[in-house]
Amino acid sequence: MVKIEKIKLPDIGEGIAEGEIVRWLVKEGDSVKQFQPIVEVLTDKASVEIPSPYSGKVVKLLAREGERIRVGSPIAEIEIEDLQQAIAKPEALEKAKEETQAATTTPQAEVSAERRPHVRAPPRVRKLAQELGVDLTLVKGTGPGGVITEEDVRRFYEENIARARAPQTTVQPQQVVEERVERIQLRGIKRRMAEKMIEAKSKIPHVYLAEEVDVTELVRLRESLKSLAESRGVKLTYLPFIVKAVVKALKEYPLLNSTLDMEKGEIIVKKYYNIGIAVDTEQGLVVPNIKNADKKGLFQIAREIDELARKAREGKLSLEDIRDGTFTITNVGSIGSTIGFPIINYPESAILGIHRIVKRPAYYEDRLEPRYYMNISLSFDHRFIEGGYAARFLNTLKNYLENPLLFLAQEDEFK
(Lines give C-alpha, C1' and ligand atoms only; values in the text may rest on other atoms or scores of the structure.)
Protein backbone atom coordinates (compact mmCIF):
# COMPACT_ATOMS: atom_id res chain seq x y z
CA MET A 1 0.00 0.00 0.00
CA VAL A 2 1.32 3.44 -0.99
CA LYS A 3 1.02 6.49 1.23
CA ILE A 4 1.86 10.17 0.55
CA GLU A 5 3.53 11.99 3.42
CA LYS A 6 4.44 15.68 3.66
CA ILE A 7 7.96 16.61 4.72
CA LYS A 8 7.96 19.74 6.86
CA LEU A 9 10.78 22.15 7.69
CA PRO A 10 11.84 20.86 11.10
CA ASP A 11 12.56 22.90 14.21
CA ILE A 12 16.24 23.74 13.82
CA GLY A 13 16.47 25.10 17.36
CA GLU A 14 17.90 28.27 18.92
CA GLY A 15 14.67 30.16 18.28
CA ILE A 16 15.06 30.04 14.50
CA ALA A 17 11.59 30.56 13.02
CA GLU A 18 12.28 30.27 9.30
CA GLY A 19 14.86 29.38 6.71
CA GLU A 20 15.62 30.10 3.08
CA ILE A 21 15.66 27.29 0.53
CA VAL A 22 19.14 27.64 -0.97
CA ARG A 23 18.90 24.63 -3.29
CA TRP A 24 17.24 21.30 -3.62
CA LEU A 25 19.53 18.27 -3.53
CA VAL A 26 16.84 16.08 -5.13
CA LYS A 27 14.23 16.55 -7.84
CA GLU A 28 10.71 15.29 -8.32
CA GLY A 29 10.74 11.58 -9.16
CA ASP A 30 13.99 10.85 -7.31
CA SER A 31 14.17 7.98 -4.86
CA VAL A 32 15.64 8.89 -1.49
CA LYS A 33 16.76 7.02 1.58
CA GLN A 34 15.76 7.88 5.11
CA PHE A 35 18.06 10.59 6.57
CA GLN A 36 19.47 11.40 3.12
CA PRO A 37 19.97 15.19 2.78
CA ILE A 38 17.34 16.52 0.40
CA VAL A 39 17.58 20.31 0.67
CA GLU A 40 20.05 22.99 1.80
CA VAL A 41 18.50 25.66 4.02
CA LEU A 42 20.11 28.93 5.09
CA THR A 43 19.08 30.65 8.32
CA ASP A 44 20.44 33.91 9.66
CA LYS A 45 22.75 31.77 11.79
CA ALA A 46 24.13 29.03 9.57
CA SER A 47 23.61 26.82 6.53
CA VAL A 48 22.18 23.32 7.14
CA GLU A 49 21.18 20.29 5.08
CA ILE A 50 17.74 18.90 5.91
CA PRO A 51 17.50 15.09 5.81
CA SER A 52 14.43 13.14 4.69
CA PRO A 53 12.54 11.46 7.53
CA TYR A 54 11.42 8.67 5.13
CA SER A 55 12.64 6.41 2.37
CA GLY A 56 10.57 6.70 -0.80
CA LYS A 57 10.03 8.68 -4.00
CA VAL A 58 9.85 12.46 -4.09
CA VAL A 59 6.46 13.29 -5.56
CA LYS A 60 6.42 17.06 -5.38
CA LEU A 61 8.65 19.91 -4.21
CA LEU A 62 6.46 22.48 -2.48
CA ALA A 63 9.00 25.29 -2.08
CA ARG A 64 11.12 27.16 -4.61
CA GLU A 65 14.84 27.87 -4.31
CA GLY A 66 15.19 31.33 -2.78
CA GLU A 67 11.84 31.07 -0.96
CA ARG A 68 11.66 31.60 2.80
CA ILE A 69 9.76 28.94 4.71
CA ARG A 70 8.42 28.98 8.27
CA VAL A 71 9.36 26.12 10.59
CA GLY A 72 6.61 23.49 10.43
CA SER A 73 5.52 24.36 6.90
CA PRO A 74 5.51 21.54 4.30
CA ILE A 75 8.35 21.67 1.79
CA ALA A 76 7.90 18.39 -0.15
CA GLU A 77 5.67 15.37 -0.62
CA ILE A 78 7.10 11.87 -0.61
CA GLU A 79 5.52 8.55 -1.62
CA ILE A 80 6.33 5.73 0.77
CA GLU A 81 5.50 2.09 0.37
CA ASP A 82 6.70 0.83 3.71
CA LEU A 83 3.82 1.68 6.03
CA GLN A 84 6.01 0.83 8.99
CA GLN A 85 7.78 4.11 8.29
CA ALA A 86 4.55 6.04 8.71
CA ILE A 87 3.83 4.22 11.96
CA ALA A 88 7.31 5.12 13.17
CA LYS A 89 6.92 8.71 11.97
CA PRO A 90 7.51 10.48 15.31
CA GLU A 91 10.80 8.64 15.83
CA ALA A 92 11.88 9.29 12.27
CA LEU A 93 11.12 13.00 12.47
CA GLU A 94 12.96 13.28 15.76
CA LYS A 95 15.95 11.61 14.17
CA ALA A 96 15.77 14.05 11.26
CA LYS A 97 15.69 16.96 13.70
CA GLU A 98 18.76 15.61 15.50
CA GLU A 99 20.55 15.29 12.18
CA THR A 100 19.62 18.87 11.33
CA GLN A 101 20.72 20.31 14.65
CA ALA A 102 24.01 18.45 14.39
CA ALA A 103 24.53 19.92 10.95
CA THR A 104 24.07 23.41 12.38
CA THR A 105 27.23 23.15 14.44
CA THR A 106 29.28 20.67 12.45
CA PRO A 107 31.93 22.08 10.12
CA GLN A 108 30.82 21.43 6.58
CA ALA A 109 34.20 19.99 5.71
CA GLU A 110 33.33 17.01 7.91
CA VAL A 111 30.26 16.03 5.93
CA SER A 112 30.41 12.42 4.83
CA ALA A 113 32.03 11.82 1.51
CA GLU A 114 29.06 9.66 0.57
CA ARG A 115 26.88 12.75 0.42
CA ARG A 116 26.63 14.92 -2.60
CA PRO A 117 29.65 17.27 -2.85
CA HIS A 118 28.93 20.46 -0.92
CA VAL A 119 29.14 23.54 -3.08
CA ARG A 120 30.20 26.77 -1.40
CA ALA A 121 29.11 29.71 -3.51
CA PRO A 122 27.24 32.95 -2.77
CA PRO A 123 23.81 33.57 -4.37
CA ARG A 124 25.08 35.77 -7.20
CA VAL A 125 27.59 33.09 -8.20
CA ARG A 126 24.85 30.44 -8.20
CA LYS A 127 22.73 32.72 -10.36
CA LEU A 128 25.57 33.26 -12.78
CA ALA A 129 26.23 29.52 -12.97
CA GLN A 130 22.56 28.88 -13.69
CA GLU A 131 22.56 31.47 -16.48
CA LEU A 132 25.67 29.97 -18.09
CA GLY A 133 24.61 26.38 -17.56
CA VAL A 134 27.58 25.56 -15.34
CA ASP A 135 27.34 22.67 -12.88
CA LEU A 136 28.91 24.10 -9.70
CA THR A 137 29.84 20.64 -8.42
CA LEU A 138 32.42 20.49 -11.23
CA VAL A 139 33.97 23.88 -10.46
CA LYS A 140 37.00 24.24 -8.19
CA GLY A 141 36.64 27.24 -5.87
CA THR A 142 39.60 29.55 -5.41
CA GLY A 143 37.98 31.82 -2.82
CA PRO A 144 38.50 31.62 0.96
CA GLY A 145 37.82 28.10 2.19
CA GLY A 146 37.17 26.89 -1.34
CA VAL A 147 34.30 29.30 -2.00
CA ILE A 148 33.51 29.46 -5.71
CA THR A 149 33.85 32.95 -7.17
CA GLU A 150 32.38 34.54 -10.28
CA GLU A 151 35.81 34.31 -11.92
CA ASP A 152 35.88 30.54 -11.26
CA VAL A 153 32.50 30.12 -12.96
CA ARG A 154 33.42 32.27 -15.96
CA ARG A 155 36.74 30.49 -16.39
CA PHE A 156 35.03 27.08 -16.25
CA TYR A 157 32.45 28.26 -18.75
CA GLU A 158 35.08 29.58 -21.16
CA GLU A 159 37.27 26.48 -20.94
CA ASN A 160 34.62 23.78 -20.99
CA ILE A 161 31.33 25.05 -22.40
CA ALA A 162 31.91 28.06 -24.62
CA ARG A 163 34.84 26.38 -26.36
CA ALA A 164 32.78 23.26 -27.06
CA ARG A 165 29.92 25.31 -28.46
CA ALA A 166 32.14 27.47 -30.64
CA PRO A 167 31.83 26.82 -34.41
CA GLN A 168 34.74 24.83 -35.82
CA THR A 169 34.84 26.55 -39.22
CA THR A 170 34.60 30.28 -39.84
CA VAL A 171 35.06 32.47 -36.82
CA GLN A 172 32.41 35.18 -36.77
CA PRO A 173 32.96 38.49 -35.01
CA GLN A 174 31.32 38.25 -31.63
CA GLN A 175 28.61 40.75 -30.95
CA VAL A 176 29.08 42.25 -27.54
CA VAL A 177 25.86 43.04 -25.71
CA GLU A 178 26.41 45.50 -22.93
CA GLU A 179 24.62 44.67 -19.71
CA ARG A 180 23.55 48.03 -18.32
CA VAL A 181 22.17 46.71 -15.06
CA GLU A 182 22.72 43.67 -12.87
CA ARG A 183 19.98 42.39 -10.60
CA ILE A 184 21.25 40.59 -7.50
CA GLN A 185 18.76 38.75 -5.34
CA LEU A 186 18.83 39.81 -1.71
CA ARG A 187 19.09 36.44 -0.04
CA GLY A 188 20.61 34.66 2.93
CA ILE A 189 22.93 36.60 5.21
CA LYS A 190 22.68 39.76 3.11
CA ARG A 191 18.89 39.81 3.41
CA ARG A 192 19.10 39.20 7.16
CA MET A 193 21.70 41.98 7.39
CA ALA A 194 19.32 44.38 5.63
CA GLU A 195 16.51 43.45 8.01
CA LYS A 196 18.76 43.92 11.05
CA MET A 197 19.90 47.35 9.88
CA ILE A 198 16.30 48.50 9.41
CA GLU A 199 15.36 47.08 12.80
CA ALA A 200 18.29 48.83 14.51
CA LYS A 201 17.75 52.22 12.90
CA SER A 202 13.96 52.18 13.36
CA LYS A 203 14.07 51.17 17.04
CA ILE A 204 17.21 52.90 18.30
CA PRO A 205 17.72 56.68 18.11
CA HIS A 206 21.42 56.76 17.28
CA VAL A 207 23.82 59.44 18.45
CA TYR A 208 27.42 59.61 17.28
CA LEU A 209 30.70 60.76 18.80
CA ALA A 210 34.27 60.56 17.58
CA GLU A 211 37.77 61.10 18.98
CA GLU A 212 41.27 61.26 17.57
CA VAL A 213 43.66 59.03 19.50
CA ASP A 214 47.45 59.23 19.63
CA VAL A 215 48.31 55.52 19.45
CA THR A 216 52.07 55.92 19.20
CA GLU A 217 52.68 54.01 22.45
CA LEU A 218 50.25 51.30 21.35
CA VAL A 219 52.13 50.92 18.06
CA ARG A 220 55.44 50.59 19.94
CA LEU A 221 54.00 48.07 22.40
CA ARG A 222 52.61 45.91 19.60
CA GLU A 223 55.95 46.00 17.78
CA SER A 224 57.78 44.91 20.95
CA LEU A 225 55.37 41.97 21.45
CA LYS A 226 55.11 40.78 17.85
CA SER A 227 58.11 38.46 17.92
CA LEU A 228 56.97 36.92 21.22
CA ALA A 229 53.47 36.45 19.81
CA GLU A 230 54.80 34.87 16.62
CA SER A 231 56.94 32.46 18.64
CA ARG A 232 53.70 31.25 20.24
CA GLY A 233 51.85 31.04 16.94
CA VAL A 234 49.78 34.16 17.58
CA LYS A 235 48.94 36.77 14.93
CA LEU A 236 49.00 39.97 16.98
CA THR A 237 47.01 42.80 15.38
CA TYR A 238 45.81 45.97 17.11
CA LEU A 239 42.33 44.57 17.65
CA PRO A 240 43.16 42.42 20.74
CA PHE A 241 44.58 45.51 22.47
CA ILE A 242 41.44 47.46 21.63
CA VAL A 243 39.22 44.66 22.96
CA LYS A 244 41.11 44.76 26.26
CA ALA A 245 40.84 48.54 26.48
CA VAL A 246 37.12 48.48 25.60
CA VAL A 247 36.35 45.92 28.31
CA LYS A 248 38.22 48.02 30.85
CA ALA A 249 36.23 51.13 29.87
CA LEU A 250 32.90 49.24 29.79
CA LYS A 251 33.40 48.20 33.40
CA GLU A 252 33.52 51.89 34.28
CA TYR A 253 30.54 52.77 32.05
CA PRO A 254 28.25 49.71 32.23
CA LEU A 255 25.26 51.27 30.44
CA LEU A 256 27.17 50.81 27.19
CA ASN A 257 27.21 47.06 27.88
CA SER A 258 23.45 46.72 28.32
CA THR A 259 20.14 46.41 26.49
CA LEU A 260 16.83 48.23 26.90
CA ASP A 261 13.58 46.29 27.40
CA MET A 262 10.94 48.88 26.49
CA GLU A 263 7.98 46.60 27.27
CA LYS A 264 9.10 46.03 30.84
CA GLY A 265 10.68 49.46 31.19
CA GLU A 266 14.01 47.93 32.24
CA ILE A 267 17.65 48.50 31.42
CA ILE A 268 19.40 45.12 31.46
CA VAL A 269 23.02 45.68 32.44
CA LYS A 270 25.26 42.78 31.42
CA LYS A 271 27.85 41.67 33.95
CA TYR A 272 29.69 39.68 31.31
CA TYR A 273 31.60 40.95 28.28
CA ASN A 274 31.01 39.11 25.01
CA ILE A 275 32.70 41.45 22.56
CA GLY A 276 31.47 41.15 18.99
CA ILE A 277 33.85 41.51 16.05
CA ALA A 278 32.24 42.56 12.77
CA VAL A 279 33.66 40.42 9.95
CA ASP A 280 33.25 41.35 6.29
CA THR A 281 32.69 38.16 4.27
CA GLU A 282 31.74 37.43 0.68
CA GLN A 283 28.31 36.29 1.91
CA GLY A 284 27.72 39.46 4.00
CA LEU A 285 28.51 41.01 7.36
CA VAL A 286 28.53 38.66 10.38
CA VAL A 287 29.34 39.38 14.01
CA PRO A 288 30.77 36.51 16.07
CA ASN A 289 31.79 37.41 19.60
CA ILE A 290 34.58 36.66 22.03
CA LYS A 291 32.94 35.14 25.08
CA ASN A 292 33.95 36.50 28.49
CA ALA A 293 36.68 38.70 27.06
CA ASP A 294 37.32 40.19 30.51
CA LYS A 295 38.64 36.83 31.69
CA LYS A 296 41.05 36.28 28.80
CA GLY A 297 44.60 37.38 28.12
CA LEU A 298 45.85 39.38 25.17
CA PHE A 299 47.25 36.44 23.23
CA GLN A 300 44.18 34.29 23.85
CA ILE A 301 41.93 37.05 22.52
CA ALA A 302 44.21 37.40 19.49
CA ARG A 303 43.89 33.65 18.80
CA GLU A 304 40.10 33.76 19.11
CA ILE A 305 39.78 36.77 16.81
CA ASP A 306 41.85 35.00 14.17
CA GLU A 307 39.85 31.79 14.55
CA LEU A 308 36.44 33.52 14.47
CA ALA A 309 37.39 35.57 11.40
CA ARG A 310 38.56 32.43 9.59
CA LYS A 311 35.36 30.54 10.45
CA ALA A 312 33.24 33.52 9.36
CA ARG A 313 34.92 33.73 5.96
CA GLU A 314 34.59 29.97 5.47
CA GLY A 315 30.92 29.99 6.52
CA LYS A 316 31.62 27.70 9.48
CA LEU A 317 30.38 29.83 12.37
CA SER A 318 28.16 28.03 14.86
CA LEU A 319 25.18 29.48 16.71
CA GLU A 320 27.32 29.61 19.83
CA ASP A 321 29.86 31.84 18.05
CA ILE A 322 27.20 34.43 17.19
CA ARG A 323 24.68 34.62 20.02
CA ASP A 324 24.73 36.60 23.28
CA GLY A 325 26.99 39.45 22.20
CA THR A 326 27.02 42.49 24.52
CA PHE A 327 29.07 45.13 22.66
CA THR A 328 30.45 45.26 19.12
CA ILE A 329 33.64 46.60 17.54
CA THR A 330 33.84 47.14 13.79
CA ASN A 331 37.29 47.63 12.29
CA VAL A 332 36.82 49.51 9.05
CA GLY A 333 40.33 50.92 9.30
CA SER A 334 41.77 47.63 8.07
CA ILE A 335 40.12 48.41 4.72
CA GLY A 336 41.17 52.04 4.65
CA SER A 337 38.51 54.25 6.25
CA THR A 338 39.60 57.22 8.39
CA ILE A 339 36.19 58.01 9.93
CA GLY A 340 32.67 56.58 9.91
CA PHE A 341 29.70 55.90 12.17
CA PRO A 342 28.44 52.31 12.33
CA ILE A 343 24.87 51.16 13.04
CA ILE A 344 24.32 49.55 16.44
CA ASN A 345 24.08 45.76 16.45
CA TYR A 346 20.52 45.57 17.81
CA PRO A 347 19.58 44.97 20.66
CA GLU A 348 22.96 46.10 22.02
CA SER A 349 23.25 49.70 23.16
CA ALA A 350 26.47 50.83 21.45
CA ILE A 351 29.07 50.00 18.81
CA LEU A 352 32.64 51.21 18.40
CA GLY A 353 34.19 51.96 15.02
CA ILE A 354 37.99 51.90 14.74
CA HIS A 355 39.75 53.38 11.77
CA ARG A 356 43.01 53.48 9.89
CA ILE A 357 46.21 54.34 11.78
CA VAL A 358 48.12 57.13 10.07
CA LYS A 359 51.64 58.41 10.69
CA ARG A 360 52.21 62.15 10.57
CA PRO A 361 54.44 64.82 12.16
CA ALA A 362 53.08 66.31 15.38
CA TYR A 363 54.21 68.28 18.41
CA TYR A 364 54.70 66.05 21.46
CA GLU A 365 56.12 67.60 24.64
CA ASP A 366 57.20 70.62 22.59
CA ARG A 367 59.08 68.44 20.10
CA LEU A 368 58.13 67.95 16.48
CA GLU A 369 58.30 64.21 15.79
CA PRO A 370 56.49 61.48 13.86
CA ARG A 371 53.41 60.18 15.73
CA TYR A 372 50.67 57.65 14.98
CA TYR A 373 46.99 58.61 15.11
CA MET A 374 43.73 56.71 14.83
CA ASN A 375 40.13 57.91 14.84
CA ILE A 376 37.57 56.05 16.92
CA SER A 377 33.80 56.57 16.67
CA LEU A 378 30.96 55.57 18.95
CA SER A 379 27.29 55.08 18.06
CA PHE A 380 25.04 54.76 21.11
CA ASP A 381 21.37 54.40 22.10
CA HIS A 382 20.14 57.84 23.11
CA ARG A 383 16.97 56.47 24.70
CA PHE A 384 18.81 55.83 27.94
CA ILE A 385 22.43 56.88 27.41
CA GLU A 386 23.16 60.57 27.64
CA GLY A 387 25.73 62.30 25.50
CA GLY A 388 27.91 63.25 28.46
CA TYR A 389 28.02 59.64 29.69
CA ALA A 390 29.03 58.37 26.27
CA ALA A 391 31.61 61.14 25.84
CA ARG A 392 33.22 60.23 29.16
CA PHE A 393 33.36 56.60 28.09
CA LEU A 394 35.03 57.57 24.84
CA ASN A 395 37.55 59.79 26.65
CA THR A 396 38.35 56.97 29.05
CA LEU A 397 38.87 54.59 26.15
CA LYS A 398 41.07 57.19 24.42
CA ASN A 399 43.18 57.48 27.59
CA TYR A 400 43.65 53.69 27.76
CA LEU A 401 44.63 53.46 24.11
CA GLU A 402 47.13 56.31 24.47
CA ASN A 403 48.57 54.68 27.61
CA PRO A 404 48.17 50.95 26.97
CA LEU A 405 50.00 49.85 30.12
CA LEU A 406 47.06 51.24 32.11
CA PHE A 407 44.81 48.45 30.91
CA LEU A 408 47.50 45.77 30.69
CA ALA A 409 49.52 46.47 33.86
CA GLN A 410 47.26 44.53 36.22
CA GLU A 411 46.52 41.72 33.83
CA ASP A 412 49.84 39.94 34.23
CA GLU A 413 49.74 39.33 30.48
CA PHE A 414 53.25 38.30 29.74
CA LYS A 415 53.86 35.34 32.04
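Which of the listed residues, Ile204, Leu285, Ser231, is farthest toward the dipole's positive end in region 172-308, when Lys, Arg count +1 and Asp, Glu count -1 at the beta-carbon? Among Ile204, Leu285, Ser231, the one farthest towards the positive end of the dipole of region 172-308 is Ser231. Modelled spin-label separation between Glu81 and Glu178, with each label point placed 7 Å from Cα along the Cα-to-Cβ direction: 6.0 nm. The modelled label-to-label distance for the pair Phe341/Ser224, using points 7 Å beyond Cα in the direction of Cβ, is 3.8 nm.
Excluding ligands, DNA and RNA, the accessible surface per residue across region 329-407 is 47 Å² with a 1.4 Å probe. When all protein chains stay in place and ligands, DNA and RNA are ignored, the 1.4 Å accessible-area order of Val177, Val219, largest first, is Val177, Val219. Of the accessible area of region 171-237, with the probe set at 1.4 angstrom, what percent is carbon plus sulfur? Heavy-atom surface of region 171-237 belonging to carbon and sulfur, 1.4 Å probe: 51 percent. Applying a DSSP loop filter and a limit of 16 other Cβ atoms within 10 Å to the GluC sites (Glu not before Pro) in region 324-398 leaves Glu365, Glu386.
When the P(r) is computed for region 215-267, the part past 13 Å accounts for 69% of the Cα-Cα pairs. Amide H contacts under 5 Å for Tyr54: Phe35, restricted to partners 5 or more places along the chain or on a different chain, H placed in the peptide plane at 1.01 Å from N. Under 25 °C and 0.890 mPa s, how fast does region 228-295 diffuse according to Stokes-Einstein, given a Kirkwood radius computed over C-alpha pairs? Answer in µm²/s, whole number. So the translational diffusion coefficient is about 173 µm²/s. What does the C-alpha gyration tensor say about the overall shape of region 262-391? Classify as rounded when a/c is under 1.5, otherwise prolate if a/b is larger than b/c, or oblate. In terms of gyration-tensor shape, oblate.
Solvent-accessible area of region 343-415 (1.4 angstrom probe, protein heavy atoms only): carbon and sulfur portion equals 50 percent. Under 20 Å Cα-Cα from Lys359, which lysines qualify once same-chain neighbours fewer than 8 residues away are excluded? In chain and number order, the partners are Lys226, Lys398.
About its Cα centre, region 260-415 has a charge dipole of approximately 260 debye under the convention of +1 per Lys or Arg Cβ and -1 per Asp or Glu Cβ, with nothing else charged. Here's how it looks for Val213: its modeled amide H is under 5 Å from those of Met374, Asn375, Ile376, which are all 5 or more places away or on a different chain.
The values are calculated or read from the model by the stated rules, or taken from the named source; none is laboratory data. None of these values were measured; they are calculated from a predicted model. Ideal geometry is used to build each Cβ from the backbone, glycine not excepted, and the neighbour counts take in all protein chains shown. Note: accessible area is taken over every heavy atom of the protein model, side chains too, but ligands, DNA and RNA are not part of it. Shrake-Rupley method; radii C 1.70, N 1.55, O 1.52, S 1.80 Å.
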